[in-house]
Structure formats: C-alpha cells, structure tokens
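Enquirer: Quick one: the structure is below, and I'll ask about it shortly.
The values are calculated or read from the model by the stated rules, or taken from the named source; none is laboratory data. All of these numbers come straight from a predicted model, not from anything done at the bench. A quick note on method: Cβ atoms are made from the backbone with ideal geometry, for glycine too, and the neighbour counts reach across all protein chains shown.
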Amino acid sequence: MTPSRLITGGTAAALLFCTSPVWADDLDDVRAALKTTLPNTEISSVRESVLPGLYELVTGSNLLYVEKSGRYALIGTLYDLQSHVDLTAKRRDELHLALQTDKTVEAPLASIPWDQLPENAAIVENAGAPYKLAVFADVNCPYCRRLAETLKGLPEVETHTYLMSLWGRSIAPTKAVLCAADKAAALHQAFDDTLDTPSAAPCDTDALERTNAFAAEHGIAGTPFLMRADGVTAAGLKSPAALLAWLKEAAQ
C-alpha cells in the first residue's frame, strides 16, 4: 500500500462518523429528480435523514427514504443501533402527534380514518379479535409473505388485507384470490405460490381497482403498508412483539 492511500485508524473513524452538510441545493436536486421518477405523486416534504446521502420523503400517508437521484427508495425502518431507537417510528409518532395537537411541524403525516378504507375490498381473518390491523399487500411481495406468517401466530389480531398490484404479474393471482370461495385460504396459497390461477377471472374483481386507486390517492407506494384502528400507519415489516405492541397503543 502506498503512503498516499494509507488511512490511519483515527482518520477512518472520522470518515465513518462525520457527515457532509446538506445544502439547500441538494434538496432542490432531490425534489427535481422526484418530479421525474414520481410524476403523479404529491410530495409533502423532503428533508435530509441522519444517514448521509439518504433523504426522508413524506407523501400522503407514506414515510420513506430516497437517495439523491430519486431512482432508488428504501421503504422500511431506519434504526439507531447505538441508542436502540427506531428513528422511523419516532418520526411517525412526531407527525401523528402534530395532527392531534394542531402543532405545526414539517409535513404532517396524514392518518387514515378506518371507515374510509375501500368498502368490501378486504379479506378479513380472525374476525372479532381485539386488535384491528389493515394491511395493504401485493401477493408477490416477499415482506408481505413474511408478515402473513407472522400474523398466523397472532390470533388476537383481526386482519383486513387489501390487495394491490404493484407489478403486472400480480394482477392475475390477485384476481384469482378475489374470485375464490375461500378468499383467506386462497390468499395464503398465493403467498405460497400454490394457487391455481385461471386465465380469466369469472367474477367481479373491482376490489383490486378500488384498492389501487385508494393507494394512489393516499401515497401508498410500497407494501406491506400497515394501519391500525386509530388510523396511525406504518410501512414495512415488524417483528411479532413489535407489531402487537404497536397495535395495543391504539387502545390506550
């Protein structure tokens, strides 16, 4: 290794933990890029995150992260391993609190009243259970499949699954689920890739179009997208314990 390429331990640590300042021009560049990559999405705010090169994006009920080009998005949880804080959940709580207290913060994250969910479009499991959860899912989404497995072990959760089609290849199996006599069983077969998909759906599959339209209206751009009984939303997968604790907060 030549001296010009040598980085000492102290210098390496500084490089790992020091970040470059984010200038207004950087945010303008991100906003401009998003107009190209998300032309039909109403964006409430863009701001820098704690992670260098990653920007927090609020759109409708969605909180996600994008890099500067606007091409790549991260939908999930940003977690501080040193302080053991779920930064995404903390930010969502701040935005939701602003709605309840009428405080002015940057781009409040809209909650969704339960009674405004698409009518007669949900696949309901564990009806009558004490904690209600709405899930927007795509049958080909691997994280949706993992969430479905998680929910099998949570009989205390009444689940309302709204199927979207993020990809064209999801349309046929989704319609097959909606046309099945036992939609819940068909849903899990679709997640397991064991569902027999007919070439043409012999029933009304309007629920898919209405769910897709609802998702577009509320900025739901990724799955799984979760909503609890009080309208608070979350994006991405949660552990069984974290999911149940989050749902119980709605009853407090």
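Enquirer: Can you spot a residue in the range 200-219 that is modelled with pLDDT under 90, within 23 Å of the chain's Cα centre (by Cα) and either within 19 Å of LEU87 (Cα to Cα) or not in a helix (DSSP H, G or I) (or both)?
Expert: yes
Enquirer: Among residues belonging to the range 118-143 that are of a type outside the set (S, T, N, Q) and either outside the structural domain of TRP167 (by TED's automatic domain parsing) or closer than 15 Å to ALA185 by Cα (or both), point out the one that is surrounded by the fewest Cβ atoms within 10 Å (Cβ to Cβ).
Expert: ALA127
Enquirer: Please list, ordered by residue number, the strands (runs of 3 or more DSSP E) wholly in the range 1-97 having 1 or more residues that are modelled with pLDDT of 80 or more and touching a Cys at 6+ places or on another chain (Cβ under 8 Å).
Expert: In the range 1-97, no matching strands (runs of 3 or more DSSP E) lie anywhere.
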